[in-house]
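Quick notes on the structure that follows.
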Amino acid sequence: MSTPMPAPNATSTVPSDTPTNAPPDAPPTASPDATSTVRRAALIVLATLALNTLIAAMLVAVGISTAFGPAFVQSQAIGLPIAAACWSVAPWVARAEGDVRVAVPLFGAAIVAGVLVGLALAGWASGVFFPGAPAPGVDPGRVTVRTAILSIACGVLVTLAFYGRERLRHARLRADAEGWRAVAAERSAAQAQLQALRAQVEPHFLFNTLAGVSALIERDPPAARAMLDEFARHLRATLRHARAETTTLGEELDVTASLLGVMQRRLGERLQWRFDVPEPLRALRLPPMLVQPLVENAVKHGIEPLAVGGAIEVRARREADGRLSVEVADTGRGLAEDTAPRDPGGGTGLANLAQRLRAIYGPDARLALRENRPRGTVARLVLPIPDPAR
Amino acid sequence: MTAPPAPPPRAVIADDEPLLRDALAGALARAWPELEIVGACADGDSAIAAIRRERPDVAFLDIRMPGRDGLTVAAESARAGDGAPLDEPPLIVFVTAYDAHALEAFERDAVDYLVKPLETARLERAVGRLRARLAERAAARAAGAAAPAALDAGVLQRIAGLLAAREAAPAPLRWLRASLRDEVRLIPIDEVVVFEAADKYLRVLTRDDEALIRMPLKELLERLPADEFWQIHRGTVVRAREVARTSRGLSGRLVVHLRSRPERFEVSRPFAHLFRAD
């Protein structure tokens, strides 16, 4: 008397081509091409056949089935449809990123449908291969119910096993990606600090400033002294500043002013500058070195390359949406698309700044550049810094 | 028989920072009192004009200047406005705060360079050499021989090399100029995720924005860093790091999915090798 054998099925549920969440620096995942897709499908079919066989063997071993042959046929007949049904709903589960609320009803329905088809198939296959079974004296109705229950149980177990494994794999991948992102943010903050320091001791800036002080020493000692003071204040502030977590807009502007003071003495009439910042905004806290790099950039790429020079204006405003905007406008050369700075290190400053903003604020902060009229560049920084008074 | 008194030597100086220009003039007045400064220029273009106009014996040139820089001025100083080589071009001295490449190039040459801030002793040594070379020139002139060239062929070649290297490397593209509503926006290349050709425009997609620029894809490709962007289709270029995965579309074509944009882009056959698993 062969008890019909249920069978399970199962497929690797959540298909593995769900988003891989590879860390941003990792090479893009090469995706399976046609041959590997075929190979994968073949593997899945083989695995299902093997699993069904295993279940048949177990049923015989525990005495539910008496003979392996009929158990094997029924196991396959029921297991394959369940596998096919689960496999065909798997993409939806994957699309929902394995969400349980989607997975349970979908896989549940798939298993039930698979079992129904499987039972019909099993009945037919048993008739074809083992015309003698089921053994006389057994109530066909009871056998079918028991088979159905066993099939569903096996189907659920196997599906759960695959589903759980995939969830685990994805959770691990996601954790990896998140950890990686945190490291990347840290690294970009450290890079920004380094960059800021390096920008200050950029040899041209350093030696030209020293040459300027040296030039003034004889001709105008008080002016030389004032320039040296400004330079020292700027260096000190930059060093301290680059290490601090946050500063106030006012302090940032003071450091920026010392830079502009030094540049003013060097460039003379070629550089004019002014700050237009409402007093209350100066107390706002923000990460250091967000404004000064923009001003540095304006001097280096806007004003210095022009024989006639130009003006720089720094404006801060509270926007209607509550965010803080800071604009650095210059009337210099302008960043035409094809003007590459002469030195290879140049121009990356703004990209670093944008990267830093993303690391600190995510998508709420913005750095945009536009052309100034009639000439020059406006760099606009928008930061999600709330008004503490409100 | 006494030679007629030689006319005083004449010099053009060029530096875009007024303080440093004055400092150089002052230092020269002490180190070389008879030198007459006939032009003090703030940029490369006016330096070239002054050199052609004044035909000085010596030119002291800052390397980094607005307009044409010191290297270009040096190369131009060897010929007249019409391009004909000059008999006695000025002797060149570069004066620079820090130009590692240029200085390396001249380290082993007769060309003088001075670093800022100027050191008196170095300036005096340079003046001594310049005087000696001017004297050689005067002697050659008196003997009716051809004057020794101011810049020997090797140095001129080296300057030309430095300039050519700078011009030839197609400027790496850092910014795209895109019209957006009523303003011209500058988009850093680093933020671009996808370029897609659309008629004579290029659609530029960034993480959260898009814009149109007028540039043929072919020109763009020449100036994009090849290791950062991949062309995946005749009209599509994607940032390699933005590729999240690929899948097979209904047509059997590979389709690229991006990390930060929902759009998908088809990979055409000639570019499919980029994604092959091996």
Query raised in the report: Is at least one residue of the stretch B:222-233 facing another protein chain (nearest Cβ under 9 Å) and under 28 Å from the mean Cα position of the chain (by Cα)?
Result: yes
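Go through B:229, B:275 for me and flag whichever is surrounded by 18 or more Cβ atoms within 10 Å (Cβ to Cβ) and modelled with pLDDT under 90. Write out each step before concluding.
Numbers: B:229 fails: modelled with pLDDT under 90.
The conditions single out B:275.
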Report task. State yes or no: is residue B:151 modelled with pLDDT of 70 or more, open to solvent by less than 50 Å² (accessible area, probe 1.4 Å) and over 30 Å from residue A:373 (Cβ atoms)? Result -> no
Query raised in the report: Does the stretch A:97-112 hold any residues that are open to solvent by 40 Å² or more (accessible area, probe 1.4 Å) and more than 18 Å from residue A:168 (Cα to Cα), and which are they?
Result: A:105, A:106, A:109, A:112
**Report entry** Evaluation of residue A:42 against (1) part of a helix (DSSP H, G or I); (2) of a type in the set (Gly, Ala, Ser); (3) surrounded by 13 or more Cβ atoms within 10 Å (Cβ to Cβ) (one fails), failing number
**Finding:** (3)
**Report entry** Unmet requirement for residue B:245, which otherwise passes all of (1) under 18 Å from residue B:186 (Cα atoms); (2) open to solvent by 40 Å² or more (accessible area, probe 1.4 Å); (3) within 11 Å of another protein chain (Cβ to nearest Cβ)
**Finding:** (1)
Query raised in the report: Assuming residue A:66 fulfils every condition listed in (1) assigned to a helix (DSSP H, G or I); (2) farther than 20 Å from residue A:152 by Cβ apart from one, which condition is it?
Result: (1)
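Just to be sure, is residue B:185 assigned to a strand (DSSP E or B) and modelled with pLDDT under 80?
On the way: assigned to a strand (DSSP E or B): yes; modelled with pLDDT under 80: yes.
Spelling it out, residue B:185 is indeed assigned to a strand (DSSP E or B) and modelled with pLDDT under 80.
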Query raised in the report: Where residues in the stretch A:217-234 are part of a helix (DSSP H, G or I) and out of contact with any helix residue (DSSP H, G or I) (no Cβ under 6 Å at 6 or more places or on another chain), which of them is nearest to residue A:203 (Cα to Cα)?
Result: A:232
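On the given criteria, is residue B:217 among the aliphatic types (A, V, I, L, M), in contact (Cβ under 8 Å) with a residue 60 or more places away in the chain and either closer than 19 Å to residue B:177 by Cβ or open to solvent by less than 50 Å² (accessible area, probe 1.4 Å) (or both)? Before the answer, list the steps.
Numbers: among the aliphatic types (A, V, I, L, M): yes; in contact (Cβ under 8 Å) with a residue 60 or more places away in the chain: no; either closer than 19 Å to residue B:177 by Cβ or open to solvent by less than 50 Å² (accessible area, probe 1.4 Å) (or both): yes.
So residue B:217 fails the test.
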Report summary line: Within the stretch B:248-276, the residues that are within 8 Å of another protein chain (Cβ to nearest Cβ), under 19 Å from residue B:228 (Cβ atoms) and not basic (Lys, Arg) are B:257, B:275
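The values are calculated or read from the model by the stated rules, or taken from the named source; none is laboratory data. Just so it is clear, the model here is predicted, and its values are computed rather than measured. With ideal geometry, Cβ positions are generated from the backbone for all residues, glycine too; neighbour counts draw on all protein chains shown. Please note that ligands, DNA and RNA were not included when accessible areas were found on the heavy atoms of the full protein model with its side chains. Shrake-Rupley method; radii C 1.70, N 1.55, O 1.52, S 1.80 Å.
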